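Down below is the structure, laid out as structure tokens.
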There are 2 protein chains.
Amino acid sequence: MHLFTFTNLGFGSVRSCPKRHSFRTLFNLREQSKMGKDSTVENKQVIFKGYTDGSPVETDMELKLGNVMKLEAPQGSNAVVVKNLYLSCDTYMRGRMRDRHDSYIPPFLPGSAIEGYGVAKVVDSDCPDLKSGDIVSGITNWEEYSLIQNTGQLKKIQQVDGIPLSYHLGLLGMPGFTAYAGFYEACAPKKGDYVYVSAATSAVGQLVGQLAKIHGCYVVGSTSTSQKVELLKNKLGFDEALNYKEELDLEAALARHFPQGIDVYFDNVGGAMLDATIANTRNHGRIALCGILSQNNRNDPQSFRNMFSVISKRITMKGFLQNDFLHLYPRFLEDVTRYYKQGKIVYLEDMNDGLESAPAAFVGLFSGKNVGKQVIRVASE
Amino acid sequence: MHLFTFTNLGFGSVRSCPKRHSFRTLFNLREQSKMGKDSTVENKQVIFKGYTDGSPVETDMELKLGNVMKLEAPQGSNAVVVKNLYLSCDTYMRGRMRDRHDSYIPPFLPGSAIEGYGVAKVVDSDCPDLKSGDIVSGITNWEEYSLIQNTGQLKKIQQVDGIPLSYHLGLLGMPGFTAYAGFYEACAPKKGDYVYVSAATSAVGQLVGQLAKIHGCYVVGSTSTSQKVELLKNKLGFDEALNYKEELDLEAALARHFPQGIDVYFDNVGGAMLDATIANTRNHGRIALCGILSQNNRNDPQSFRNMFSVISKRITMKGFLQNDFLHLYPRFLEDVTRYYKQGKIVYLEDMNDGLESAPAAFVGLFSGKNVGKQVIRVASE
């Protein structure tokens with residue numbers, strides 16, 4: 001059985017990690033003293049059972065107890081052992097549950113712990129850039145403790161007063177950066193644009209809408225419950241919001257909300273909503289394609305009635321991935337941290353407690369059960 | 001009955017036409033002397049019968065004889081009377097046969113002569129910028145003689161040795177400019193790109209492929225007969241060509257022709273070919289959406305299995321219309337005229353003789369009967 005998989009996911013550059021062992025033993029001993037003589041723990045895990053083409057269900061994953069782990073990064077490995085604090089449930093992970101090797105990211109390994117973004121605390125380090133006690137974000141595993149070999153992809157978190165650590169999985173993490181890069185780079189927004197965001201309370205969507213408001217745009221979001229409609233309008237500052245589940249005719253609903261038409265659509269769902277938006281897009285409109293949450297199987301055919309309008313209205317549809325824009329990451333962190341501290345943006349988080357809650361929380365993403373960014377709290381600091 | 005419709009089609013700016021009548025009477029008299037005492041002619045026409053949503057058929061049009069027309073531009077009208085020499089059959093005209101007013105161009109008027117691009121000779125002018133004997137290109141009607149009120153959209157043709165007048169409907173006309181603007185502006189081509197063109201012997205496609213070759217790209221075209229495959233490879237200089245009607249699996253056919261994948265797709269057909277191309281496009285590929293020739297009814301749903309790849313491969317799909325790029329028109333004329341004179345490009349034209357041949361020639365566009373740009377010769381100069 002594979003306990004750990006170490007894949008360069010392309011979300012960060014792998015730094016070379018020259019060996020410096022001077023401080024390592026000291027920290028190692030300090031951590032070991034907390035854990036007991038042999039520095040081993042029972043390491044609860046969420047295992048990926050096997051590939052599926054449909055929408056994920058809880059039984060695609062399995063809680064595994066009784067795995068014993070040594071809290072020690074092997075000498076010469078450049079690895080770290082971390083205690084996972086927060087784990088991220090992200091919709092892109094569905095793609096890794098399929099047995100397809102033609103994507104930008106490889107599939108999960110059946111029998112291994114699920115791999116995903118997390119915030120974690122270093123408990124032992126063989127990497128000179130990291131020491132015990134450091135808080136990091138990056139790719140880790142769905143388990144209590146992880147041995148992380150690809151330390152180059154880990155980001156050391158500088159804690160900022162008033163910003164919860166878990167926000168490094170959402171607002172200040174990959175979803176937040178996806179919103180930032182997608183909005184500014186793929187949408188080419190202009191002040192006064194009419195902006196539409198689907199899955200608007202999602203980890204990505206909520207920031208897109210708020211950035212668009214700061215940019216001087218008129219913003220409407222779609223979501224899946226009346227509660228979230230209220231949150232969009234009253235908490236997240238969207239100009240309008242709609243519950244798509246209550247709309248029989250999506251084209252008509254969008255025409256009602258955008259009598260002047262849509263300039264920018266940030267698409268998180270694909271399918272019928274994308275088609276309806278094309279029908280309501282203005283000349284020279286821009287559509288950023290970020291996700292196809294509406295499709296249970298990404299190979300299911302999607303039907304478009306309005307493709308001709310992409311020509312006649314000179315629409316640009318742009319698929320994008322955040323990791324093409326990593327040069328913008330420092331500016332993103334600075335901008336979004338500042339906006340947050342200034343009270344210009346807020347962030348909705350849906351926190352579940354305990355590793356055992358992770359499978360249900362992840363599955364819930366695909367029926368819109370979460371309200372805001374879905375995070376699992378595995379442990380307190 | 002409407003004999004003439006005068007619509008600003010947006011393909012040129014309407015110049016104001018201050019009245020100067022000094023030379024007019026002289027030319028008028030000269031033309032009248034050819035036509036007989038009362039300067040009237042019997043004016044054969046092709047009439048648009050009524051709206052249709054399907055693929056055009058000959059009976060959507062009707063040859064009308066016996067219409068008497070005075071070859072005189074009314075004083076104070078700024079209009080011209082022209083003798084039509086060549087008329088253009090273009091696929092975009094199908095859109096004008098539908099009763100839809102939401103496009104970039106209004107529908108035809110039932111009972112009126114079909115409107116379209118033509119090359120014509122001025123026989124009487126009330127417009128000071130034009131005089132009898134001038135050769136012009138622009139929007140005219142499918143009839144022997146036309147009264148053109150919107151003279152601002154007419155371009156005076158400076159005849160160049162070795163370039164047939166009819167080329168101003170193809171190579172040097174709207175289709176040629178569509179190819180030029182679409183390739184350079186919507187495709188963002190780079191030297192060495194793998195370029196795919198559908199409907200590759202069409203008025204637009206054949207120039208796209210040749211411009212791509214000049215640009216240093218590897219070019220493959222698809223077409224509908226083995227004869228045209230040969231023309232693409234041996235006459236138009238494409239690197240490879242395929243007959244899509246002989247391919248059971250379009251995705252596999254493209255994978256065979258582009259083992260390295262496609263960087264640029266110039267799409268004239270939409271539908272299944274577009275879907276198959278997305279599957280074979282490389283990361284950061286660009287797709288220029290120019291036409292959806294494959295769709296009999298532009299509202300028919302098009303089914304896509306590969307939309308997820310637009311995201312994962314960061315593909316940009318860009319709908320465009322040539323008239324957004326009119327600032328490039330002078331450069332286009334200069335470049336393409338030079339390439340043609342240098343023998344770097346050739347142009348295939350499919351010429352039918354006589355106005356009565358126009359309906360069948362137009363209908364033939366939608367089953368690929370034409371070989372190259374479809375033109376109707378109405379009269380010799």
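Out of (1) under 23 Å from A:Cys89 (Cβ atoms); (2) of a type outside the set (Lys, Arg); (3) part of a strand (DSSP E or B), the odd one out for A:Met317 is which?
(1)
Given the criterion surrounded by fewer than 21 Cβ atoms within 10 Å (Cβ to Cβ), in a helix (DSSP H, G or I) and in contact (Cβ under 8 Å) with a residue 60 or more places away in the chain, identify the matching residue among B:Glu230, B:Glu185.
Every option except B:Glu185 fails the conditions.
Being under 15 Å from the mean Cα position of the chain (by Cα) and surrounded by 24 or more Cβ atoms within 10 Å (Cβ to Cβ) is the filter here, so list the residues in the range A:139-157 that pass it.
Across the range A:139-157, the qualifying residues are A:Thr140, A:Asn141, A:Trp142.
Among the residues in the range A:61-80, are any under 20 Å from the mean Cα position of the chain (by Cα) and either closer than 18 Å to A:Ala358 by Cβ or charged (D, E, K, R) (or both)?
Yes: the range A:61-80 contains one or more residues that are under 20 Å from the mean Cα position of the chain (by Cα) and either closer than 18 Å to A:Ala358 by Cβ or charged (D, E, K, R) (or both).
Would you mind stating whether B:Val160 is surrounded by 24 or more Cβ atoms within 10 Å (Cβ to Cβ) and in contact with a Ser or Thr (Cβ under 8 Å, 6 or more places away or on another chain)?
So B:Val160 does not fit the description; no.
Could you list, in sequence order, the residues of the range B:135-171 that are farther than 29 Å from B:Ser77 by Cβ and not small (Gly, Ala, Ser)?
Hits for the range B:135-171 are B:Val160, B:Asp161, B:Ile163, B:Pro164, B:Tyr167, B:Leu171.
Give the residues of the range B:283-301 that are surrounded by fewer than 23 Cβ atoms within 10 Å (Cβ to Cβ), over 20 Å from A:Gly182 (Cα atoms) and either touching a Cys at 6+ places or on another chain (Cβ under 8 Å) or not hydrophobic (A, V, I, L, M, F, W, C) (or both), sorted by residue number.
B:Ser294, B:Gln295, B:Asn296, B:Asn297, B:Arg298, B:Asn299, B:Asp300, B:Pro301
Which of the residues that make up the range B:292-308 are at the interface with chain A (Cβ under 7 Å from one of its Cβ atoms), part of a loop (DSSP other than H, G, I, E, B) and within 17 Å of A:Ile311 (Cα to Cα)?
Answer for the range B:292-308, where residues must be at the interface with chain A (Cβ under 7 Å from one of its Cβ atoms), part of a loop (DSSP other than H, G, I, E, B) and within 17 Å of A:Ile311 (Cα to Cα): B:Ile292, B:Arg298, B:Asn299, B:Pro301.
Scan the range B:222-239 for residues that are hydroxyl-bearing (Ser, Thr, Tyr) and over 19 Å from B:Asp267 (Cα atoms) and jot them down.
Residue satisfying the conditions is B:Ser226 alone.
Going residue by residue through the range A:342-352, is there one that turns out to be surrounded by fewer than 23 Cβ atoms within 10 Å (Cβ to Cβ), within 14 Å of chain B (Cβ to nearest Cβ) and in contact with a helix residue (DSSP H, G or I) (Cβ under 8 Å, 6 or more places away or on another chain)?
Within the range A:342-352 (the criterion being surrounded by fewer than 23 Cβ atoms within 10 Å (Cβ to Cβ), within 14 Å of chain B (Cβ to nearest Cβ) and in contact with a helix residue (DSSP H, G or I) (Cβ under 8 Å, 6 or more places away or on another chain)), the answer is no, since none of the residues qualifies.
For residues in the range B:46-72 being closer than 27 Å to B:Gly152 by Cα and out of contact with any helix residue (DSSP H, G or I) (no Cβ under 8 Å at 6 or more places or on another chain), which is surrounded by the fewest Cβ atoms within 10 Å (Cβ to Cβ)?
Step by step, filter the range B:46-72, then rank; the result is B:Val68.
Any idea how many residues of the range B:331-381 are at positive phi and touching a residue at least 12 places away in the same chain (Cβ under 8 Å)?
Final tally of qualifying residues: 3.
Can you tell which of B:Gln158, B:Gln210, B:Gln153, B:Gln206 is assigned by TED's automatic domain parsing to the domain that holds B:Val41 and within 28 Å of B:Gly319 (Cα to Cα)?
B:Gln153
Quickly run through the range B:191-227 and pick out the residues that are surrounded by fewer than 24 Cβ atoms within 10 Å (Cβ to Cβ), free of Cβ contacts under 8 Å to residues at least 60 places away in the same chain and part of a helix (DSSP H, G or I).
B:Lys213, B:Ser226
For the list (1) part of a loop (DSSP other than H, G, I, E, B); (2) among the hydrophobic types (A, V, I, L, M, F, W, C); (3) within 11 Å of chain A (Cβ to nearest Cβ), I need the number of the one condition that B:Leu236 fails.
The failed condition is (3).
Restricting the search to the range B:240-291, which residues are over 24 Å from B:Gln227 (Cβ atoms), among the aliphatic types (A, V, I, L, M) and away from chain A (no Cβ under 14 Å)?
B:Ile262, B:Val264
Within the bounds of the range B:119-127, is there any residue that is at pLDDT 95 or above, closer than 27 Å to B:Ala200 by Cα and not in a helix (DSSP H, G or I)?
Looking for residues that are at pLDDT 95 or above, closer than 27 Å to B:Ala200 by Cα and not in a helix (DSSP H, G or I), one finds at least one in the range B:119-127, hence yes.
Quick check on my filter: what residues within the range A:316-330 are hydroxyl-bearing (Ser, Thr, Tyr) and within 17 Å of the chain's Cα centre (by Cα)?
A:Tyr329
I need the full set of residues from the range A:313-341 which are at the interface with chain B (Cβ under 10 Å from one of its Cβ atoms) and crowded, with 20+ Cβ neighbours inside 10 Å, in order please.
A:Lys313, A:Arg314, A:Ile315, A:Thr316, A:Met317, A:Lys318, A:Gly319, A:Phe320, A:Leu321
The values are calculated or read from the model by the stated rules, or taken from the named source; none is laboratory data. Just so we're clear, the structure is a prediction, and the values are computed from it rather than from any experiment. No Cβ is skipped: glycine too gets one built from the backbone with ideal geometry, and neighbour counts run over all protein chains shown.
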